[in-house]
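Quick notes on the structure that follows.
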Amino acid sequence: MTRSLRLLASFLALLLPFAAIAQQQGLEIDIVGGNASALPIAVVPMPYQGSGAAPQTDVAGVIRADLDRSGQFRGLPEQSIVERPTRGSEIQYPTWRLLKQDFLVVGRVVDAGAGSYKVEYELFDVAKQERMLGFAMTARANAMRDVAHQIADAVYEKILGVRGAFWTRVAYVTATGRGANSRYALMVADADGYNPQTVVRSNLPLLSPSWSPDGRKLAYVSFEHNSNSSIYIQDLGTGARERVSSFRGINSAPSFSPDGRRLALTLSRSGNPEIYVMDLGSKALTQVTNQFGIDTEPTWSADGSTLYFTSDRGGRPQIYQASASGGGATRVTFQGSYNASATVSYDGKKIAVAQGAGNVYRIALLDRSLGSPRWSTLSPGSLDESPSFAPNASMVLYAAREGSRGVLYAVSADARVRQRLVLADGDVREPAWGPYRQQR
Amino acid sequence: MNKTSRILLTALLCTAAVACSKKVKEVPPADTGPSTGTVPDTAPVTPGAYGPNDLDTDACLRQRVVYFDLDQDALRPEFQAAMACHAKYLRDRPSSRMSLEGNADERGSREYNLGLGERRGNAVSSALQANGGSGSQITVTSYGEERPTCTESNEDCWAKNRRVEIVYTAK
């Protein structure tokens, strides 16, 4: 095969799985841009070696797609994988050196009894010819994608030293129809867009989903009660929900504290929007801000001591921070005439915002890990909003407009790789990246 | 599916969506238009007491949408006449109730726009009260940018969406 033909083949191979996704889920995923410094890794197909029915999930394919999307890795296309070892003893290192691969993942799927499968996998360093990881995971047929995401997480962490966030979920709002025919749905899906599930439907707007830190509940805003904004908390397992705030005026922008016992929110019951903290046990409210301007969109620092929020007390919206128990606020953002919708990384060092200049709104990142704060731009605009960090801060999910509909993008925190998630029908907005999942 | 056909399909879907949305476009009652022009011709406030029928027939009372400039909640002078006649209606009919629905255009944060919509609703409420309406007859609700009447991303559309709708919940 000539080089150009092989290039074409690998290009087609890249497109194929996305087309398949579009058909199965109504979600389309495109990777925009690439990362030249990404680490080359070969994830060898993991054949089924049992005696029953083979699982539907292509485990190696899911792992490869996860690693590709992170921007940190460049998976070798399946067509270029000329040898198919399934265990360490079958690996011929010269082949993988010739293919310029730094890392190699091999494995196989076997029966685990009672309709379950076991995935046995190993990770190798090609240059050192050393095994870095070797594990087995068992799951039922319908949880094989979960297993693949967890393997991708383990590989990511072993190589980069940072916990992977592939086995996570995202929440978002979809809107279809217009005027009296408008329909809204709060959805939860895997971080790669698969397994979308409806949490709640409404004829009136839904917005601002916020995950509880254990990933079991969502707080959100719905207008279904008296056509005014109210805050609900819904259990994703049972579907049971509670209306926790429906005061006069605005009830909005809920955000769970890191310990899950408090909810920061915006209420305008005093006449204009102020930030409050609700104790979820007693429902008692503590007022955090008391200012003439609009104060909204509170979000917590990882230790739960500080709230970041949007305020126009200085004229136009900017990000401020204040103690979660109240007191004076300090301005955080000084670049750009409009900064709103802050999302804070788990270590508190990075803050992503929707930054506006004229009619152009982009996602911008403020990095405070070095001495002086440094800004970078993560998205091209022009109407980008609602940034949300992955739990390991490697990526930011945000909403953009294309034509007259909303789409979601996930961008790597270094802005090198962007990936688009498009719902076939209607508008997608208000993304919120959920916490790490836990084995139950 | 290859890239070209996907782009074509997207384009087709977008075109279809725009075409459909035009057909179902809602026309707000007696829309005076969002333009910052001269004061529109409005009938002088009727000297007698208003009745419920006047809501459909009186040229001034039929103005039930108030438009705002970008990021502003200040009432434009052209809406003063409408404030006066709606305030008079509230005075003439103490049993009447009105909901002021504040809205913003799509740019920027949805949550901030919820605040902005409320601010606009409050501005109309204050103007009505300054003209003698009673605050107890008025409730303000903000929909932020969630209920646009126009869904294209341009200034014409945005100007139509930056509005407060006056809705009589009891006549």
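A few remarks follow.
- Over the Cα atoms of region B:27-170, the radius of gyration divided by the Kirkwood radius equals 0.96; this is the Rg/Rh ratio.
- Per-selection Rg to Rh, region A:371-413 - Cα, Kirkwood hydrodynamic radius: 1.04
- Counted by neighbouring Cβ atoms within 10 Å, the residues A:221, A:155 run from fewest to most as A:155, A:221.
- In plain terms, the bigger the Kirkwood radius, the slower the diffusion; for region B:70-136, with that radius from Cα pairs, at 4 °C and 1.567 mPa s, Stokes-Einstein puts D at 102 µm²/s.
- Kirkwood Rh (inverse of mean 1/r, distinct Cα pairs), region A:118-194, angstrom: 15.2 Å
- Size of charge dipole - region A:293-361 - debye, nearest 20, with Cβ of Lys, Arg +1 and Asp, Glu -1, no other charges: 180 debye
- Extreme residue, positive dipole direction of the protein assembly as shown, given options A:249, A:37, A:53 (C-beta unit charges): A:53
- Scaled radius of gyration (Cα, divided by 2.2 N^0.38 Å) that the protein assembly as shown gives: 1.08
- Other residues whose C-beta falls under 15 angstrom from the C-beta of residue A:158 contribute a net charge of -4, scoring Lys and Arg +1 and Asp and Glu -1.
- For residue A:192, net neighbour charge (Lys/Arg +1, Asp/Glu -1) across residues whose Cβ lies under 9 Å away: 0
- Ranked A:95, A:377, B:139, criterion: other C-beta atoms within 10 Å, fewest first: A:377, A:95, B:139
- Viscosity 1.306 mPa s, 10 °C: Kirkwood-radius Stokes-Einstein D of region A:169-433 over Cα pairs, µm²/s: 86 µm²/s
- Distribution of pairwise C-alpha distances over region A:33-160, 10 Å bins, in %: 13, 47, 32, 8, 0
- Rh by Kirkwood over Cα pairs, then Stokes-Einstein D for region A:143-257 at 0.692 mPa s and 37 °C, µm²/s: 210 µm²/s
- With contacts taken as Cα pairs under 8 Å and at least 6 residues apart, region A:169-433 reaches a relative contact order of 12 percent.
- Put the Cα centre of region A:324-402 next to the Cα centre of region A:113-155 and the gap is 35 Å.
- Within-12-Å neighbourhood charge of residue A:262 [Cβ basis; K, R +1; D, E -1]: 0
- Cα lying deepest toward the dipole's positive end in the protein assembly as shown, options A:311, A:127, A:167, charges on Cβ: A:127
- About the centre of its Cα atoms, the protein assembly as shown shows a dipole size close to 420 debye [charges on the beta carbon of Lys, Arg (+1) and Asp, Glu (-1) only; nearest 20 debye].
Quick note: the coordinates plus some simple rules give every number you see, no bench work behind them. Note that the coordinates shown come from a computational prediction; the quantities given were computed from them, not determined experimentally. Ideal geometry is used to build each Cβ from the backbone, glycine not excepted, and the neighbour counts take in all protein chains shown.
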